[in-house]
Amino acid sequence: MSMTFEGRVHRFGDEVNTDVILPGRYLALRDPAELGRHCLEGLDPGFVQRVRPGDILAVGRNFGCGSSREHAVIALKAAGVSAIVAVSAARIFFRNAVNLGLPVILCPEAALALREGEAARITLADMAVEQGGQRWQGLPLGDEVRAILAAGGLVPRVRQALAAA
């Protein structure tokens, strides 16, 4: 997995919960692509038509609150989201995102300043968020969290560790 992400910004506000990211009626679906087709449809019906692989979400406070479903993260990734820049994120959502290889950068200044529809760049090595000549510093991630994200998620990281043992 690349440690640098570039894409257009899509903005969402505070308290976007997992039931809004992926409504419960789709939880029986197992195909990630199918889950991605329903991502955020109740909040922004045109989102899946606009999002492109590599795009970035800029979100408000407590993103991913609600139930602990991993389906929400799977849907975001399948829709094309490469990373999330947040004012804050629900703890279980943050951990599910790490486990599934979706970086969540906690950087309130960037989350509030990133402009919708414009390109942005995220570099995980130094937790930098950049857009239009501006640069913000996100909160640091631990070494193991960074290793999990670099591997593409927890399962690939465990496979790497087992192969090296």
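Readers should treat all values here as calculations from the given coordinates under stated rules, not as data from a laboratory. Just so we're clear, the structure is a prediction, and the values are computed from it rather than from any experiment. Using ideal geometry, Cβ is built from the backbone for each residue, glycine included, and neighbour counts are taken over all protein chains shown.
Beyond 26 Å, what share of the Cα-Cα pairs of the chain is found? Please give it as a whole percent. Percent of Cα pairs beyond 26 Å in the chain: 21.
For the chain, a simple Cβ point-charge model (Lys and Arg +1, Asp and Glu -1, everything else neutral) yields a dipole of about 260 debye relative to the Cα centre.
How would you order 94-103, 107-116 from highest to lowest mean count of nearby Cβ atoms within 10 Å?
Packing order, densest peptide first, comes out as 94-103, 107-116.
In order along the stretch 106-120, the Karplus-derived 3J(HN,Hα) couplings, from 6.51 cos²θ - 1.76 cosθ + 1.60 at θ = phi - 60°, round to 8, 8, x, 4, 5, 4, 7, 9, 4, 9, 4, x, 9, 6, 9 Hz, and Gly and Pro are given as x.
With +1 assigned to the C-beta of every Lys and Arg and -1 to the C-beta of every Asp and Glu, and no other charges, what is the dipole magnitude of the stretch 115-165 about the Cα centre in debye, to the nearest 20?
It works out to roughly 140 debye.
Peptide packing for 132-142, 150-160, 61-71 was compared via the average number of neighbouring C-beta atoms within 10 Å per residue; ordered from the highest value, the list is 61-71, 150-160, 132-142. Each part gets one Cα centre, and for the stretch 102-117 versus the stretch 1-35 those centres are 15 Å apart. When you restrict to C-alpha pairs under 8 Å that are six or more residues apart and normalise by the size of the stretch 4-164, the relative contact order lands at 24 percent.
Across the options Leu35, Ile105, Ser67, the greatest Cα extent toward the positive end of the charge dipole of the stretch 4-164 (unit charges at beta carbon of Lys, Arg, Asp, Glu) belongs to Leu35. Computed from the C-beta positions of Ser68 and Gln137, the FRET efficiency with R₀ = 30 Å rounds to 0.55.
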